[in-house]
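Worksheet for the structure shown next.
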Amino acid sequence: MRCPFCHSQETDVIDTRKINEGETIRRRRKCRICNRRFTTYEYVELNLTVVKKNGEREPYNREKLMSGVRIACYRRAISAQQIEQLVNHVEAVLMAQDGHEVPSSVIGDEVLARLRDLDAVAYIRFASVYHSFDDIDRLREAIEELLDRDSRTNLKSGAPNE
């Protein structure tokens, strides 16, 4: 592993930990030359092709998914770790599927399911892009569906409605 500070390839692993139910490996490293420490993360690489709505195919890109979720969660009380866990969960679902191709709708639906439980505003932001809301009525329907679901959940749990 190359040191990000002095670019030396002489580094040592100080500590290794599995995070996110073992889906990611975090390694603390120390450069032998400049003695600076840095962290690296290892992920399982998904060799999947995403089939988009228009039929186009492209390789699965973790960073593209992370970026979309980060944008939806912008200025919300959602930590980077929660976003990381959400993406790791989506990837675990993708790995469990048979085949080398996955429809983009499977990815989008899984992200929406996770965001719905995490943050309503992030959910609506992501849904508005994913579902290509073209008018205010479709947006209103999505919000009403979310509110209706939340009120049903609150009734089941005994929490007061606001």
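Every number in this text was worked out from the coordinates using simple rules, so none of it is lab data. Quick caveat: nothing in here was measured; it's all calculated off a predicted structure. In this analysis, Cβ positions are derived from the backbone assuming ideal geometry, glycine residues included, and neighbour counts consider all displayed protein chains.
Before moving on, here are some points about what is shown:
- Beta bridge orientation in the chain: antiparallel %, DSSP, nearest 5: 85 percent
- Given charges at Cβ of Lys, Arg, Asp, Glu: the chain dipole, positive-most of 67, 80, 16: 16
- Computed [θ] at 222 nm, deg cm²/dmol, the chain (DSSP H ≥ 4; -39,500 (n - 2.57); rounded to nearest 500): -15500 deg cm²/dmol
- FRET efficiency for the residue 113 to residue 27 pair, using the beta carbon distance and R₀ = 41 Å, is estimated at 0.85.
- Per DSSP, loop trypsin sites (Lys or Arg not before Pro) in the stretch 34-137 with at most 12 further Cβ within 10 Å: 52, 53, 75
- Placing a pseudo-label 7 Å from each Cα along the Cα-to-Cβ vector at residue 140 and residue 62 gives an inter-label distance of 4.3 nm.
- Summing Lys and Arg as +1 and Asp and Glu as -1 over all other residues whose Cβ lies under 15 Å from the Cβ of residue 123 gives a net charge of 0.
- Charged-residue dipole, Cβ positions (Lys, Arg, Asp, Glu), the chain about Cα centre, Debye nearest 20: 1100 debye
- Relative to the current alpha-carbon distance between residue 101 and residue 76, full extension at 0.36 nm per residue lengthens the span by 5.7 nm.
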